[in-house]
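Notes follow the structure.
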Amino acid sequence: MRRFWKWTLGVFALLLVAAFALLSFMAGSPKDAYGMVRYALPHMHRGTLRVGDDAPDAKLVALDGASGFHIRERTAGRPLVLIFGSYT
Amino acid sequence: MEIYNDYKEHADFLTVYVREAHPADEWQMKSNVKEDVCYAQPKNLQGRVAIANDFIQRFHYPLPFGIDDMTNAANDAYAAWPERLYVIDESGRIAYRGGMGPFHYNPQELRGWLAARFGEVKHEEKQKEADGKG
């Protein structure tokens, strides 16, 4: 029985190493693989919005850091293209 | 930016700055170092505002701009991170929902939506190139 669990753990560890090696290859390096798992995956969400849904509102801050506005304040009259992103 | 210039007479544009994708203290890419885009993940709103302003100044970015606050409300509502495109129509409904970046972020798809709605905008240089290849 003990031998069975040792064997099972060994296979599991090997699979983990293989998975990480594959991810490293796909990401470009082990560092990138780690970065992807540690920092990217927790923040990546498919989301539930669909075409036809009411667009959610959210308050945004203007570039002066003090004033603000809501996304939905910009949606009257013409289509509004939203471009989400960051600098890095 | 070309899409903005082509369709700004027909649609409004709004860039929403969300949490950093590859900050120096998390998953920094080699390209960030090469292009001297090295910032830590902002820990407060002032940090985000500062980075957003750096971006605007470096690229002379002309599009209207808003910054997601530290609650990440916009990011969460639109599942935006790291980058995503949407179109909200005049009735306030989602008319186009782009794929999640980076691999499914597709500005040409957005252009296709705008072209279907407002007509295609052709550029002389690209048209000449296309004609030359044809």
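No value in this document is a laboratory result; all are computed from the given coordinates. Predicted, not measured: the structure shown is a model, and the values here were computed from it. Here Cβ is always computed from backbone atoms with ideal geometry, including for glycine, and neighbour counts include all displayed protein chains.
Once the piece of chain linking A:Leu15 and A:Lys31 is laid out straight, how much longer is it, given 0.36 nm per residue of separation minus the C-alpha distance between them?
Taking 0.36 nm per residue and subtracting the Cα distance, the gain is 3.9 nm.
Per 0.36 nm of contour for each residue apart, how much would the distance between A:Ala76 and A:Asp54 grow if the chain were fully extended, relative to their Cα-Cα spacing?
6.6 nm
Relative to the longest principal axis of the C-alpha atoms of chain A, give the angle of the C-alpha long axis of helix A:2-27, reported between 0 and 90° and rounded to the nearest 10°.
Around 40 degrees separate the two axes.
Using a 10 Å cut-off around each Cβ of peptide B:63-69, what is the average number of partner chain Cβ atoms that fall inside?
Averaged over the peptide's residues, the number is 6.
At a Förster radius of 41 Å, what calculated FRET efficiency corresponds to the Cβ-Cβ distance of B:Asn5 and B:Gln46, to the nearest 0.05?
Approximately 0.80, to the nearest 0.05.
Where does chain B land on Rg/Rh, using Cα atoms and the Kirkwood Rh? Working shown, then result.
Values: Rg = 17.1 Å, Rh = 16.9 Å.
Reported Rg/Rh (Cα atoms, Kirkwood Rh): 1.01.
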